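Note sheet for the following structure.
The values are calculated or read from the model by the stated rules, or taken from the named source; none is laboratory data. Everything numeric here is computed off the predicted structure, so don't read it as measured data. Every residue, glycine as well, gets a Cβ built from its backbone with ideal geometry; the counts of neighbours run over all protein chains shown.
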Amino acid sequence: MRTCCALILSCLFVAGGLFPSVAYCCSVAFSHLTVRLQPEEQQLTATARLGLASVGADQDCRLSLSPQAHIEHLTANNIPLTYRFDAGRLSFLLPTAQKDMPEIVLSYRIRYDDPLPQTTIGVEDPSFGVGATIGAQGAYLSPSTAWYPQSGLPQGPISLRIEGPVGFYGVTSGRLGDYGTADGTSFIEWKVDASRDPLALAAGYYQVFSDQLGDIQVLAFLGSQNAALASTYLDPTKKYLRFFQRLLGPYPYEKFAVVENFLPTGYGLPSWTLLGSHIISLPFIPHTSLPHELVHSWFGNVVGVDYATGNWAEGLTSYLSDYLLKEQLSEGHGRDYRLKLLRDYASLVSADDDYPLEAFVSRRSKTDQAIGYGKSAMVFHMLRRKIGEEGFWDGLRGVVAEGRGQRFSWSDLQRIFEQASNTDLTDFFDQWIYRSGAARLSFEDVRVVDTGAGREVRGVVVQTGLPFALKLALQLKTEAGLVERCMAVDGDRTSFVFRTDAPVLKLVGDPGIDIFRTFLPAELPATINDLRASTNLLVVVPAPDDPLFLASHDLLLGLQQQGAEVIDWASFVAEQATGRDLLFVGAPSPSVRSATGLSHLQAGEGWFRWRGVRYQDLDHSLFVSEKTAETGRVVALFHPLSASAAQAVARKISHYGRYSHLVFRGGANLYKATGDPVAQGFSVDLGSGQFSEPVR
Ligand SMILES: [Zn+2]
């Protein structure tokens, strides 16, 4: 997802729209909440003063509150009410005399003790299964836990005072008010405008840092260990806010806060982001995850997602942040990023697992990421090329203007982009949003013909599988330079004729990597993602008493290959390699290297050589993933020079999914690269520039 990242951070923007709500017959015009967090008791106690409006005809009122709540008392205009509280639904009848805007006071306490995960290695669920927890490590209450009373309808302004032990501060949406410590209690106040979605809350022993960009509060809530990073986040926040406001219009919230979390999350919430402690200290996060979460303020948060018709916001956000910042560096960086998206799709999505973008809701696997983030980003790239810069950016600003406070579907986006560009996009959306798959393109019957008046390159563009309607760029490399032209491709076979005077060398299809297309396995370099996706992996590890054995377990956990067949070196025979993907852990013997196609590797007990450098310190380790030219099978080797080197990197390997070759010293990466594919892609070598017979 991020080319400069060693770690891939999964993002989840968290809104209430994913969760069903029950029917309610009163709405909340305003709320004043006082919430006291008690980490030692793993609970909160709260008092909510609510102004009600639109009470049902029978004075019947229903609110939702966490099913784990214990109601302590409930009054209307100071008169105790009888109520029922069942399965998270609080029902009560208001006395007739109190029909007009009664003020309800509700006191309650809730214990939140979701167990924390034993390990987060290889866990794809971005929430790690934690919906709500309060403890000494901090607190996180997701928007779906109803930690305060909610009507299920858009709710009026909320003023919130969060109290806790000294130094324990809570963060939520809205504008920061007063905060401090008095009488042995820390407090912090937030004011939230009318909100469509329920609020999340995070808390911890934070130091509070604040800055300002115009009226926007720029905040960081960091634990003492990461407090020194405050300016590392506040300055880029201001820089990217300026950048995205130029593109998308005014930032839609009162503040943006970077908040540290005890779980390794990458959440984007309305006006704040919740980043795990280890993640927040990684040097690239202020320039990768941070801009991504900022863009979610516009797409995903202020303009919500109608999940029933597909989540378009992750792809759009990825395109506008992760991708666009690369494109800003250079066209080459942008092209490389697009190539990686296509390679991810080809290596991570099998035909059986594929689904159309309208079915993407959230990321639960690498497949989801390759489709819901990667393919979706490429679709926005193709849309931008189809309707032009003006139509695209006007359309995006139109989406923000019309969608504020709404939940938008793909068809809402289609309508607005059609208006902005005056273009019918029915076919485009039909094939890219409501159909699965990617274009599979190749050349056939390409030949160079002497016409007497010059040269013609003739051939056919073939689409395998259900064809797409595309505008395809063809590039001809000639002795006089590069020539490019565009052609419409529609159907299984589209003939073309390319006229040129100079002797031709090579024909390349889609040279800019602007079309969402898939590759044959041999066109893909071997990567670590191939090991994750392998369905027949054979793992060869040292014996259980070998110091490297333990690290093998972490490695497989990270690769989500706990179920792979594992044997030890002593029992491995070359015949077992037939038809299998292979992963070796430890020093490879010469016979194994030659039997498995790794004979070019220079490595042995206590050393290895990589790109001309010999590594022999105990903290060095090597990871190599390659493909055999004949079968396309993956052969990988993890060769750490000591048990401690192995443990330092074993669980990290899976984060380098797009790479083929890695060298580490301790836990630090020294070298990373993606290898070359064994076969050429969508191109034809036309050799010496002479006229030719048809080539396939
Ligand atoms: Zn995201």
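Per-structure values
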{"quantity": "Hey, Gly266 within 16 Å of the ligand (Cβ to nearest atom) and outside the structural domain of Ser195 (by TED's automatic domain parsing) or not", "calculated": "no"}
{"quantity": "Selected residue (only one of Asn311, Asn301 is modelled with pLDDT of 95 or more, closer than 17 Å to Ser362 by Cβ and crowded, with 19+ Cβ neighbours inside 10 Å)", "calculated": "Asn311"}
{"quantity": "Residues being more than 10 Å from the ligand (Cβ to nearest atom) and not in a helix (DSSP H, G or I) - total across region 284-299", "calculated": "2"}
{"quantity": "Residue ranges of helices (runs of 4 or more DSSP H) in region 300-388 with at least 2 members farther than 20 Å from Ile285 by Cβ, touching a residue at least 12 places away in the same chain (Cβ under 8 Å) and more than 16 Å from the ligand (Cβ to nearest atom)", "calculated": "331-348"}
{"quantity": "Test: residue in region 155-163 that is out of contact with any Asp or Glu (no Cβ under 9 Å at 6 or more places or on another chain), surrounded by fewer than 16 Cβ atoms within 10 Å (Cβ to Cβ) and in the same structural domain as Gln38 (by TED's automatic domain parsing)", "calculated": "no"}
{"quantity": "Complete set of residues in region 574-595 that are in a loop (DSSP other than H, G, I, E, B) and either of a type in the set (Lys, Arg) or surrounded by 14 or more Cβ atoms within 10 Å (Cβ to Cβ) (or both)", "calculated": "Arg580, Gly586, Ala587, Pro588, Ser589"}
{"quantity": "Subset tally (residues that are more than 11 Å from Arg440 (Cβ to Cβ) and crowded, with 21+ Cβ neighbours inside 10 Å) for region 462-471", "calculated": "1"}
{"quantity": "Residue satisfying condition, being away from the ligand (no atom under 16 Å from the Cβ), surrounded by 19 or more Cβ atoms within 10 Å (Cβ to Cβ) and without any contact (Cβ under 8 Å) to a residue 60 or more places away in the chain, within set Val258, Val218", "calculated": "Val218"}
{"quantity": "Single match in Gly452, Gly395 (criterion: over 20 Å from the mean Cα position of the chain (by Cα), more than 16 Å from the ligand (Cβ to nearest atom) and surrounded by 19 or more Cβ atoms within 10 Å (Cβ to Cβ))", "calculated": "Gly395"}
{"quantity": "Selection status of Leu622, outside any loop (DSSP other than H, G, I, E, B) and either modelled with pLDDT of 85 or more or small (Gly, Ala, Ser) (or both)", "calculated": "yes"}
{"quantity": "Residue identified as touching a Leu at 6+ places or on another chain (Cβ under 6 Å), at pLDDT 90 or above and at negative phi among Lys477, Lys471", "calculated": "Lys477"}
{"quantity": "Region 468-494, residues that are small (Gly, Ala, Ser) and within 19 Å of Gly388 (Cβ to Cβ)", "calculated": "Ala469, Ala473, Ala488"}
{"quantity": "Failed item in (1) part of a strand (DSSP E or B); (2) under 30 Å from Ser64 (Cβ atoms), with Pro198 passing the rest", "calculated": "(1)"}
{"quantity": "Hits in region 261-282 - residues which are free of Cβ contacts under 8 Å to residues at least 40 places away in the same chain and surrounded by fewer than 21 Cβ atoms within 10 Å (Cβ to Cβ)", "calculated": "Gly276, His278"}
{"quantity": "Region 173-189 - residue that is buried (at least 23 other Cβ atoms within 10 Å of the Cβ) and over 17 Å from Gln38 (Cα atoms) and, of those, farthest from the chain's Cα centre (by Cα)", "calculated": "Gly174"}
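Okay, residues lined up against (1) in contact with a Ser or Thr (Cβ under 6 Å, 6 or more places away or on another chain); (2) assigned to a helix (DSSP H, G or I); (3) at pLDDT 90 or above:
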{"site": "Pro525", "(1), (2), (3)": "yes, no, no"}
{"site": "Asn529", "(1), (2), (3)": "yes, yes, no"}
{"site": "Leu538", "(1), (2), (3)": "no, no, yes"}
{"site": "Ala543", "(1), (2), (3)": "no, no, no"}
{"site": "Pro547", "(1), (2), (3)": "no, no, no"}
{"site": "Ala551", "(1), (2), (3)": "no, yes, no"}
{"site": "Asp554", "(1), (2), (3)": "no, yes, no"}
{"site": "Gln560", "(1), (2), (3)": "no, no, no"}
